[in-house]
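The structure appears below as structure tokens.
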Amino acid sequence: MELKFTLNGEKRQIDVEPRKLLIDVLRDDFGLTSVHSGCDTAMCGACTVLVDGKPVKSCNLLAMQVQDSEVQTLEGLSNEHRMKILKKSFLKNHGLQCGFCTSGMLISSFYLLKKGRESDDDEIREAIEGNICRCTGYVSIVKSIREADDILNKTSLEELEMKGEGR
Amino acid sequence: MGFTPASFEYRRPSTLNEALELISDLSGDVRILAGGQSLIPLLKTRVASYDYLIDINGIRSLNYYVHDSDGDFYGPLYRIGSIANNDVIKENFPSINEAARSVADTQIRNMGTIGGNISHSDPGNDIPPVILSLDAVITLRSKKQERRVHSPDFFYGPYENAIGPDEILVGIEIPRLKANTGTSFVKFRGTAREFSLSSAASRITVDGDLRVSNAVVVLASCLMKPTRLEEIEAELMDRNLSGDVPVSSNDLKVKEDEFFYRSEVSFDYLIKVIIHTLKSSIRSAYRRAIKGVNNGA
Amino acid sequence: MSTFEDKVNGRGLFIDDVRLPDMQYVAFFRSEYARARVKHVKADFTSRDLQGIAAAAGEGSESDVRTPFREPILAGDVVSYVGQPIAAVVGRTKYEAEDKLSEVEVDYEPLEPLVDPEGAINSEPILPDAESNIIAENYLGKDFNVDASVVVEERLYIPRILTNPIETRGLVAHYDGNNLTVWISTQSVYSIKEAFSRSLSLDPDKIRVIQVDTGGAFGLKGGFYPEYAVVALISMRTGKPMKWIESRSEHIVASRPGRGAIGKIKLYADTRGKVLGLKGDIIVDAGAYDTGMGSFAASYIAYQLSGPYAIDRQYIHAVSVATNKAPLGPYRGAGRPEAAYFMERMMDQLAKRLAIDPIDVRLRNLSSSSFVSPTGLKIDPARPFFERALREMEYERYRGMKPGVSFFVLVPAASGGEGCKITVRDGLVHVWLGGSTHGQRHDLLVSKIVSSELGVDRGSIVYELSDSGELSKGIGAWGSRTAIVGGNAVIQACRKLKDEIVKEKGGYSPSMLTDLNKSVEVFADFRGSLNSFGANLATVQINELSQVDVLDVVCYYDVGRAINESVVREQIEGGTIQGIGQVLSEKLAYGKDGQVLTSSISDAGVLRSTDFRGRITVKIAEFPSDLPHGAKGVGESPTIGVPPAIVSAIENVSGVKILNTPIDPLSLTRRENE
Ligand SMILES: Cc1cc2nc3c(=O)[nH]c(=O)nc-3n(C[C@H](O)[C@H](O)[C@H](O)COP(=O)(O)OP(=O)(O)OC[C@H]3O[C@@H](n4cnc5c(N)ncnc54)[C@H](O)[C@@H]3O)c2cc1C
Ligand code: FES
Ligand code: FES
């Protein structure tokens, strides 16, 4: 069946079996292996991607459900200023150990930081509630997001707009 | 074991009429697919399989939210995440906001729909008790007819409700609240638990003396279906609840076979949790109700 | 390997990312019964086609597994646990493979399963050729009689806990007609290689095992599993590359959980709290087959039961029992947390009985000199460390909050040593280590040591994932061993490289490496004991619904010398949450019929970001070991020390005696109702 959608900024059209999950289309048909699978009950969030700008679990969607939508994976967000800051902060603050949960964590926190106002630790913890990490105990992840958030809120809105990311 | 759905036929109508035609004409096991957040896990583990899935996500007319003087109107495809982030809803119906925010996590809320949450009727779903506490009306439509079902007549039991095999839930209406009314939803989820043990939704109206003039209290999650607790409601009438909320396990007139008991915690503990959720929900609804009096007067 | 930069950019290469031309997918049909006779199976691959035994590998597998307890790679006439592989099918996609599963036919004749390990000790054997269900039995120490004024006796229990790394098990195997190449998510390519060789009776020289990025392991991925052998055999049959990725549901029923231990412990003491003797039974629920860990665990717990305490008389009966459950494996700590939990709980019970401060009871039983226990456990002077720990953890400051305190000794699995290979090529220093990283930042360990030993810039050091085709001999990463023996091996390899350069060129300077093309390989043996102490303090708050909020966890651990302090901290933070999970929620639950009741990763009790919002304070004690880099172990310390400290705090705050985990909130409410 024909699926048309925008993937990481490019219009795509492919023939998929209707039962195929979005995660498998992204990984198998488009080679986007940042998207990981960690469970079969939609609980771990390792498969998180953005659909129309919002994080969803790609293991719990039929690919057909994104017909005419816009899908972004970590690969497609690499030029976003917010994502660059987040990644730097994850590296600096050891927000990853094995790195398996990391893409999902980054996408969930990217969405949080899009709000454009400071988040407190509780909001950060709630934003990643749908992402399980077995390695870090979340401490260094929360710290990484916190620091990225601080940096972004110090950067003025004008600067962001100059970088083409204002709201 | 656990990764992939079995095959099915997939349809993606773009109008409601088309969808209604399909659901009445296709033979075999037919299911509506909304957000898929409850349905897809069942398909993936191959616990369930269907001949046809009718994906209603392409029917744009089913995704709306309208707030006006008669009340609030939801299209079934309105996402739970949209409810959670909608300030108008938060302002007017805090209990809906609280229920929406307590559903799973951000990602699941972003896909899950209000219609799906109600249609699925899992005892652990958070929207149903609120719908019941607010006297909502649910509109169901088939190729032949449209009918309006009052929320007390809608829920039958776990995964069972008034939706007929050829019907689609097409709208939810929530009547406007009377003045000086407060609403609240509270749920109790143990550490690292996916589903709640107990949830409670309340709607309390007070008079000028801050006494309860109307009380609706719904208990859910631990019951087969969301249920109004009339004895407790009666107990609250004419009271000022600024002090303690007079709810105890003696007032809990729930029959044994009404419990939906999914957890390994003991029954005694469950009762304790139930009383706690009821009290917190009533207290918080009452506080919101008197705010109106205190501000308005 | 992919760097951490690659990983934040989504460019890691995890096992499910490995794709070979013409690769196919294997799926397993698993037993629906805990115990049954299998009368008939129809599938692509059954025990008639693929025969063999899953060899033991990884931590605890040193001793040979007794024949009747070995696990067949596919079940034959009987199935012994829910989830046991009975048949395999192959598809071009995983969808197709799972479709084929629905065509598999199996006829069972259900039998009565044995689920309770204590009951199983004297029941008829569950395995056809076994004489009893006792997989291993040992008496440690020496029987004694002692005149004691108090005897405290309790039965303590830790249920089975799933390892639950976010990346499940998985491998790709390709047999090209001569050689078997395996890409795998693992803690050790060497244990995997050896087990392949033994399971498939294949010449080890024809097997190459390559580690890919490994998404967490916690003990799970040091082992060898029936599925691995089946996947390789199917590749040998078909000549095609085969992939298997475990689903989370499979992980829950069929991977190897840890813990699952009962301690029936008796302390004999005088009225001042001095323990005169320790007796007990350690009963380990080993599951249906022995994986090495099963038979090892009970004695290992017994061996270190007295922990840091100088208890002169000890007599402990250790028994590992077969039950109709998935075989036991190691979970972060593997025996150490069980021992510490049992002993620390008992110390608190003794204190309560005598109405003495639990700190004083502990002090009374700690020696200021070295001590060798009757079971053979050697420890350094413990008392000075504990006294210092109380100060460092600011015990006095927390006192008003009724904190729980625990004290333990970490016995790392350092014995045996480790291998390391260094290849200098194109100005880069490539390093392979015998133990495979799965999140512990071996890259930083390696670059720090190599840069200081060889005087080269960190940017020119490349930490490589393990590959049996590169480094020929190694052991693996578990039991808090890599910083110790892995670090030592890296030093030895660097020194060997330097020596050789000096021999060839008459001297050494880092600049000589830029146009050198050279490899050295070492296996740095290690036989000593390197036990280190650790202490924890925890405070909790209990709400009206008896829900426990952990507020503060303070860790004071001897790490020898911290090679990288932030890595040490991270390890401790991650382990602390696992420790909290063990106390509050983690459990693999079984029904009386042996069915697995746990249905998902959340249901297994793995904590989310919102389940713990307290504070973790890490204080590092550095008492360097004799090794050149001074390192001791740390990876498992938090899973050992945190649970008993938290349980103790909960007991102090609630006033309710707690023997088992996870804590049932109801048990904490009883007091006010009574
Ligand atoms: C990990 C996890 C945690 C969760 N936690 C919670 C929680 O805490 N609280 C909670 O309330 N829910 C929870 N859920 C369930 C989920 O949020 C809801 O059930 C979901 O929102 C249902 O909506 P949906 O649109 O995804 O429905 P779908 O999955 O698409 O459909 C669910 C059912 O409703 C039927 N249906 C859907 N729409 C219609 C319609 N318009 N007319 C007729 N039938 C229809 C479908 O045929 C199907 O049978 C959780 C789910 C997961 C996977
Ligand atoms: S793989 Fe999607 S939530 Fe776990
Ligand atoms: S870093 Fe390993 S799961 Fe998060």
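The values are calculated or read from the model by the stated rules, or taken from the named source; none is laboratory data. If you're wondering where the values come from, they're calculated on a predicted model, not measured in any experiment. Every residue, glycine as well, gets a Cβ built from its backbone with ideal geometry; the counts of neighbours run over all protein chains shown. SASA here: full protein model, heavy atoms, side chains in, ligands and nucleic acids out. Shrake-Rupley method; radii C 1.70, N 1.55, O 1.52, S 1.80 Å.
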### Query
What strands (runs of 3 or more DSSP E) lie completely within region C:207-271 and have 2 or more residues being farther than 26 Å from C:Phe45 by Cβ, over 26 Å from the mean Cα position of the chain (by Cα) and within 16 Å of ligand 2 (Cβ to nearest atom)?
none
### Task
Quick one: which residue in A:Asn93, A:Asn79 is away from ligand 3 (no atom under 16 Å from the Cβ) and within 13 Å of chain C (Cβ to nearest Cβ)?
A:Asn79
### Query
Looking at region C:92-104, is at least one residue open to solvent by less than 40 Å² (accessible area, probe 1.4 Å), away from chain B (no Cβ under 14 Å) and free of Cβ contacts under 8 Å to residues at least 60 places away in the same chain?
no
### Query
What about C:Asp176, is it assigned by TED's automatic domain parsing to the domain that holds C:Ile53 and more than 25 Å from C:Ile252 (Cα to Cα)?
yes
### Query
Identify, please: which residue in region B:210-236 is open to solvent by 80 Å² or more (accessible area, probe 1.4 Å) and without any contact (Cβ under 8 Å) to a residue 24 or more places away in the chain and is, among those, nearest to B:Asp153 (Cα to Cα)?
B:Glu230
#### Entry: Complete set of residues in region A:120-138 that are more than 16 Å from ligand 1 (Cβ to nearest atom), in contact (Cβ under 8 Å) with a residue 24 or more places away in the chain and either under 17 Å from B:Asn110 (Cα atoms) or within 13 Å of chain B (Cβ to nearest Cβ) (or both)
A:Ile124, A:Arg134
### Query
(1) of a type in the set (Gly, Ala, Ser); (2) at positive phi; (3) touching a strand residue (DSSP E or B) at 6+ places or on another chain (Cβ under 9 Å): which one isn't true of C:Gly292, the others all being true?
(3)
#### Entry: When residues of region A:19-34 are limited to those that are within 8 Å of chain C (Cβ to nearest Cβ) and under 14 Å from the mean Cα position of the chain (by Cα), the one least open to solvent (accessible area, probe 1.4 Å)
A:Ser34
### Task
Kindly list, by first and then second residue, each pair from a residue in region B:1-26 that is within 8 Å of chain A (Cβ to nearest Cβ) and among the charged types (D, E, K, R) to a residue that is open to solvent by less than 30 Å² (accessible area, probe 1.4 Å) and not in a loop (DSSP other than H, G, I, E, B), limited to pairs with Cβ atoms under 6 Å and residues at least 6 apart or on different chains.
B:Arg12/B:Asp55; B:Arg12/B:Gly58
### Message
Of everything in region C:399-425, what is assigned to a loop (DSSP other than H, G, I, E, B) and at pLDDT 95 or above? Give them in sequence order.
### Response
C:Lys402, C:Pro403
### Filter result (within 14 Å of chain C (Cβ to nearest Cβ) and either in contact with a strand residue (DSSP E or B) (Cβ under 6 Å, 6 or more places away or on another chain) or assigned to a helix (DSSP H, G or I) (or both)) within region A:9-18
A:Val16, A:Pro18
### Message
For region B:151-198, which positions are more than 30 Å from B:Ser266 (Cα to Cα), in a loop (DSSP other than H, G, I, E, B) and open to solvent by 30 Å² or more (accessible area, probe 1.4 Å)?
### Response
B:Ile163, B:Pro165, B:Asp166, B:Arg176, B:Leu177, B:Lys178, B:Ala179, B:Asn180
### Query
Can you spot a residue in region A:41-55 that is away from ligand 1 (no atom under 16 Å from the Cβ) and without any contact (Cβ under 8 Å) to a residue 12 or more places away in the chain?
no
### Query
Do you know which of the residues in region B:38-75 that are within 29 Å of B:Ala179 (Cα to Cα) and part of a strand (DSSP E or B) is nearest to the other protein chains (Cβ to nearest Cβ)?
B:Tyr65
## Note on the structure
Note: among C:Glu396, C:Glu392, just one is buried (at least 16 other Cβ atoms within 10 Å of the Cβ), within 16 Å of C:Lys619 (Cβ to Cβ) and either of a type in the set (D, E, K, R) or not assigned by TED's automatic domain parsing to the domain that holds C:Asp558 (or both), namely C:Glu392
#### Entry: Test: C:Gly614 is within 14 Å of chain A (Cβ to nearest Cβ), among the small types (Gly, Ala, Ser) and open to solvent by 20 Å² or more (accessible area, probe 1.4 Å)
yes
### Query
Has region B:45-61 got at least one residue that is of a type in the set (Gly, Ala, Ser) and modelled with pLDDT of 95 or more?
yes
### Task
Among the residues of region C:13-24, write down those that are within 11 Å of chain A (Cβ to nearest Cβ) and closer than 26 Å to C:Glu103 by Cα.
C:Asp16
### Task
Name the residue, out of C:Leu588, C:Leu597, C:Leu584, that is outside the structural domain of C:Val82 (by TED's automatic domain parsing), touching a strand residue (DSSP E or B) at 6+ places or on another chain (Cβ under 8 Å) and without any contact (Cβ under 8 Å) to a residue 24 or more places away in the chain.
C:Leu597
### Task
Consider C:Thr163 carefully, then state whether it is touching a Leu at 6+ places or on another chain (Cβ under 6 Å), within 12 Å of another protein chain (Cβ to nearest Cβ) and either at pLDDT 95 or above or not in a loop (DSSP other than H, G, I, E, B) (or both).
yes
#### Entry: So B:Arg239, is it open to solvent by 40 Å² or more (accessible area, probe 1.4 Å), within 16 Å of ligand 1 (Cβ to nearest atom) and either over 30 Å from B:Glu21 (Cβ atoms) or in contact with a helix residue (DSSP H, G or I) (Cβ under 8 Å, 6 or more places away or on another chain) (or both)
no
### Query
Give me the pairs: first residue in region C:606-632 and outside the structural domain of C:Gly487 (by TED's automatic domain parsing) and touching a residue at least 24 places away in the same chain (Cβ under 8 Å), second residue of a type in the set (Ser, Thr, Tyr) and open to solvent by 20 Å² or more (accessible area, probe 1.4 Å), beta-carbon distance under 7 Å, and six or more apart or on different chains, which are they?
C:Asp611/B:Thr191
### Task
Among residues belonging to region B:115-128 that are part of a helix (DSSP H, G or I) and within 8 Å of the chain's Cα centre (by Cα), point out the one that is farthest from A:Gln65 (Cα to Cα).
B:Pro128
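Residues checked against (1) open to solvent by less than 10 Å² (accessible area, probe 1.4 Å); (2) farther than 23 Å from C:Gly476 by Cα; (3) in contact with a helix residue (DSSP H, G or I) (Cβ under 9 Å, 6 or more places away or on another chain):
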{"residue": "C:Glu5", "(1), (2), (3)": "no, yes, yes"}
{"residue": "C:Gly52", "(1), (2), (3)": "no, yes, yes"}
{"residue": "C:Ser61", "(1), (2), (3)": "no, no, yes"}
{"residue": "C:Pro68", "(1), (2), (3)": "no, yes, no"}
### Task
From the list C:Ser249, C:Ser255, pick out the single residue that is of a type in the set (Gly, Ala, Ser), within 14 Å of another protein chain (Cβ to nearest Cβ) and open to solvent by 10 Å² or more (accessible area, probe 1.4 Å).
C:Ser249
#### Entry: Extreme residue, least open to solvent (accessible area, probe 1.4 Å), among residues of region C:546-569 that are within 14 Å of chain B (Cβ to nearest Cβ) and touching a Pro at 6+ places or on another chain (Cβ under 7 Å)
C:Ser546
